1. How compact is the range 47-93 by the rule of thumb for globular proteins, expressed as Cα Rg over 2.2 N^0.38 Å?
2. Under the rule of at least 5 residues apart or a separate chain, name every residue whose amide H is placed under 5 Å from the amide H of residue 176.
3. Nearest 5 is fine: what % of DSSP beta bridges in the range 33-181 come out antiparallel, could you say?
4. Report, by chain and number, residues whose modeled amide H sits under 5 Å from the one on residue 135, excluding near sequence neighbours (fewer than 5 apart, same chain).
5. Summing Lys, Arg as +1 and Asp, Glu as -1, what charge do residues with Cβ under 12 Å from the Cβ of residue 232 carry, residue 232 excluded?
6. Suppose all protein chains stay in the model; what accessible area per residue would a 1.4 Å probe give for the chain, in Å²?
7. So if each residue of separation counts as 0.36 nm, and I subtract the Cα-Cα distance between residue 8 and residue 353, what length gain in nm does that give?
8. Please report, to one decimal in angstroms, the Kirkwood hydrodynamic radius of the chain built from all distinct Cα-Cα pairs.
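The values are calculated or read from the model by the stated rules, or taken from the named source; none is laboratory data. The structure displayed is predicted, hence computed values, not measured ones. No Cβ is skipped: glycine too gets one built from the backbone with ideal geometry, and neighbour counts run over all protein chains shown. Side chains included, ligands, DNA and RNA excluded: accessible areas come from the protein's heavy atoms. Shrake-Rupley method; radii C 1.70, N 1.55, O 1.52, S 1.80 Å.
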Amino acid sequence: MMSNTNRERNLFTPFQLGPYELRNRLVMAPMTRSRAVEGNAVSDLAVEYYRQRATAGLIVSEGTQVSPQGVGYTHTPGIHGAAQVAAWRKVTDAVHEEGGRIFAQLWHTGRVSHPSFHGGELPVAPSAIGFEGQVLTYEGMRPYVAPRALETEEIAGVVAQFAAGAERAYEAGFDGVELHGANGYLIDQFLRDGSNARTDPYGGSIQNRVRFLVEVTRAVAGVWGGDRVGVRLSPRVAVNGMSDSDPEATFSYAAYALNPFGLAYLHLVDPVAGPMARPGARISAVLRAIFRGPLIVNGGFEADTGNEAVASGQADLVSFGVPFLANPDLVRRYREGAPLNAPDRATFYGGDAHGYVDYPALGEVTAG
Ligand SMILES: Cc1cc2nc3c(=O)[nH]c(=O)nc-3n(C[C@H](O)[C@H](O)[C@H](O)COP(=O)(O)O)c2cc1C
């Protein structure tokens, strides 16, 4: 919408997000780094990793499980036990010391899991629909198995897991929470009809498939207030075996149904570039017109496309994943037009300090 273009507004202008005045509109996208230690607690290295990136207007943490049932990967952190909360507290303190803000991404992986994470029991999902692929377990790579469909009576308990995660995030010193409703995990499994074939009030019509998201949002907003809760959705992302017969209708209704909560933001994975991008198939403009709160867009953005998204009014903020992973001082580099570090994909998931806290800031020399 050209009429909405505002050249004074770009990635570096502050933004009022709920009660928080963010220093800029660059958001660090949530990124699983698979370096959690024994007991699914973030390590002390994570404290350094997030501290280094605290100049982002807002950091969204890596996905963090709300319960043991929500686990689906090795070495990923949780937020359902006291030791996990204490470990996250060190991260949030570090980010706050640097004047940054951080939300916890609340995660339940649903069918994207394996019985070995659950004492041999099947992972749970809306329906007993599996998908192709292999998962890394503590015993090595294993094929995914079809999950067990949640009983209707169990669903309130799963909603309560998210509410408990939200409470723990508060204890851990986070500034808010983001519901992981993207990329084929539990909330997304309910939303899309390729993974939800339920015949109870949580399946069938779009309204029914959106019900779980709405119930979780209501529960978590009850803990934090809506203006410190964000929701992440990925309408057209097909990872983890996802599909929907009419993504525009499904996600338009989801965005509409979230309006009453006065959320901090809606965060859309809707790639402009990169492996997940599908030219001509972006959906954020449609949802922008429906959702009444702040919008974050994500996926393949760079400094120029990010500035354009904000200036044009397409979005209020832009989140960056890989660019923040490889550049702790991304905000400065984008502002100065400085070159970027090259990301090392071999160290994205798992490992030690290398590829985690040793990407140099401008002017720093790599340890080598
Ligand atoms: C190493 C890695 C881990 C990721 N983990 C998560 C995650 O925990 N939660 C999530 O919602 N998205 C996750 N994503 C997706 C990113 O948040 C983002 O959507 C994606 O990288 C595209 O944005 P970009 O082009 O700016 O990197 C991950 C991406 C990467 C590269």
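1. Numbers: Rg = 11.6 Å, N = 47, 2.2 N^0.38 = 9.5 Å.
So the Cα radius of gyration is 1.22 times the expected 2.2 N^0.38 Å.
2. When sequence neighbours closer than 5 places are left aside, the close amide H contacts are 104.
3. 30 percent
4. Excluding prolines and chain starts, which carry no amide H, the hits are 142, 144.
5. Residues near residue 232 contribute -3 overall.
6. Ligands and nucleic acids excluded, the figure is 39 Å² per residue.
7. Extra length available between residue 8 and residue 353 comes to 120.3 nm.
8. The Cα-based Kirkwood calculation yields 20.5 Å.
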